[in-house]
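K.L.:
Got a structure for you, written out below as structure tokens; questions coming shortly.
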Amino acid sequence: MNKLGISINRTNIDMIPDYAAAGFEVMEISLPNEPADSLREFGGRAMALAKEAGVALWSVHIPFGRELDISNPDEEKRLLALELLKPSIGLAKEWGAEVIVVHGSSEPNEDASRGARIIACAQSLKALQKEAGSIRVALENLPRTCIARNSGETVPLSKNCAGICFDVNHLLMQSHESFLEQAAPEIITTHLSDYDAVDERHWMPGAGVVPWKLVYDRLTAAGYEGPWLFELGRNPDGTNFDPVAVLDSWAKESGL
């Protein structure tokens, strides 16, 4: 059975014991765009809390931002972005991650630049996978004007690394059914949350329009072996979603 996973960032790191108690078995460390020493401190703390709670590391989401845009058609800036990402990849290796999640671009991007950016992104993904070695690099599908905003871009690009991180609340131009028809066999990890299909929201399952049973059924039918890993926002009052409520909603919506 697929394990349950949770993305850990600075807002929910102290909840790792609560996630473990609710039944989450693995985690993703989502690294902020900060200096290497700060990333090491944050990740080290997450790893220590996880070890004590019995949660294993599954993936590391490396930083992203305009200066870290791996689709930059300016070759000098693209190579600089790759260089700036090396410390995060080094930390993922040190911590024993199985997967590295990467954004294919920042935004906004003009339509006229998409072709050049897709080519640059493909080159960068090859370089990142080489740098990662045995750790699998997963390209995340993204919303709006980002590169990899639909299956037509995401699937071909993912051939340059190990596969896809499917963020179910990022699809703004394509249905989940249509995306999964092409992408399901390439998906090696997930970011699960709900939304309104107007913009990404990172809500609890059932709070929006994600067809959860379809997602579950299609990935299962495709032989998906990764965790059901959640990447969640917070309540309107700034508190984190209750871990038990998240899993109860997931079970109800996915038909488990």
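The values are calculated or read from the model by the stated rules, or taken from the named source; none is laboratory data. The structure presented is a predicted model; accordingly, all values stated were derived computationally and were not measured. Quick reminder, even Gly has a Cβ in these numbers, built from the backbone with ideal geometry, and neighbours come from all protein chains shown.
K.L.:
Among 138, 207, 184, which is of a type outside the set (S, T, N, Q) and part of a loop (DSSP other than H, G, I, E, B)?
P.N.:
Working: 138 fails: part of a loop (DSSP other than H, G, I, E, B); 184 fails: part of a loop (DSSP other than H, G, I, E, B).
Criteria check complete, one pass: 207.
K.L.:
Keeping to the stretch 226-241, report how many residues are assigned to a loop (DSSP other than H, G, I, E, B) and touching a residue at least 40 places away in the same chain (Cβ under 8 Å).
P.N.:
5
K.L.:
Next question. Any residue in the stretch 151-174 that's more than 23 Å from residue 203 (Cα to Cα): show its pairings with residues that are of a type in the set (Lys, Arg) and assigned to a strand (DSSP E or B) at Cβ separation under 7 Å, as long as the two are six or more apart or on different chains.
P.N.:
162/136; 163/136
K.L.:
Let me ask something additional. Contact list please: Cβ distance under 7 Å, first residue in the stretch 1-24 and basic (Lys, Arg), second residue buried (at least 16 other Cβ atoms within 10 Å of the Cβ), pairs at least six apart or on different chains.
P.N.:
Here the result reads 3/25; 3/26; 3/227; 10/42, each pair linking the stretch 1-24 to a residue that is buried (at least 16 other Cβ atoms within 10 Å of the Cβ).
K.L.:
(1) modelled with pLDDT of 95 or more; (2) in contact with a Phe, Trp or Tyr (Cβ under 9 Å, 6 or more places away or on another chain); (3) under 21 Å from residue 19 (Cβ atoms): which one isn't true of residue 256, the others all being true?
P.N.:
For residue 256, the exception is condition (1).
K.L.:
(1) free of Cβ contacts under 8 Å to residues at least 60 places away in the same chain; (2) under 18 Å from the mean Cα position of the chain (by Cα); (3) over 23 Å from residue 100 (Cβ atoms): which one isn't true of residue 206, the others all being true?
P.N.:
(2)
K.L.:
Oh, and also: Taking the condition surrounded by fewer than 17 Cβ atoms within 10 Å (Cβ to Cβ) and touching an Asp or Glu at 6+ places or on another chain (Cβ under 7 Å), does residue 214 pass? Walk me through how you get there before you give the answer.
P.N.:
Details: surrounded by fewer than 17 Cβ atoms within 10 Å (Cβ to Cβ): yes; touching an Asp or Glu at 6+ places or on another chain (Cβ under 7 Å): yes.
For residue 214, the condition - surrounded by fewer than 17 Cβ atoms within 10 Å (Cβ to Cβ) and touching an Asp or Glu at 6+ places or on another chain (Cβ under 7 Å) - is met.
K.L.:
Restricting to the stretch 155-192, what's the tally of residues that are polar (S, T, N, Q) and within 19 Å of residue 223 (Cα to Cα)? Explain how you work it out, then say what you get.
P.N.:
Taking the stretch 155-192 as the starting set, the residues that turn out to be polar (S, T, N, Q) are 158, 160, 169, 174-175, 178, 182, 189-190.
In the following step, the residues that additionally are within 19 Å of residue 223 (Cα to Cα) were identified as 158, 178, 182, 189-190.
Residues flagged as polar (S, T, N, Q) and within 19 Å of residue 223 (Cα to Cα) within the stretch 155-192 amount to 5.
K.L.:
I'd like the residue in the stretch 1-14 that is closer than 18 Å to residue 204 by Cα and among the polar types (S, T, N, Q) and, out of all such residues, is surrounded by the most Cβ atoms within 10 Å (Cβ to Cβ).
P.N.:
That would be 7.
K.L.:
Quick one: which strands (runs of 3 or more DSSP E) sit completely within the stretch 15-127 and have at least 2 residues that are small (Gly, Ala, Ser) and either at pLDDT 95 or above or surrounded by 14 or more Cβ atoms within 10 Å (Cβ to Cβ) (or both)?
P.N.:
On the way: elements: 26-30, 56-61, 99-103.
Correct list: 56-61.
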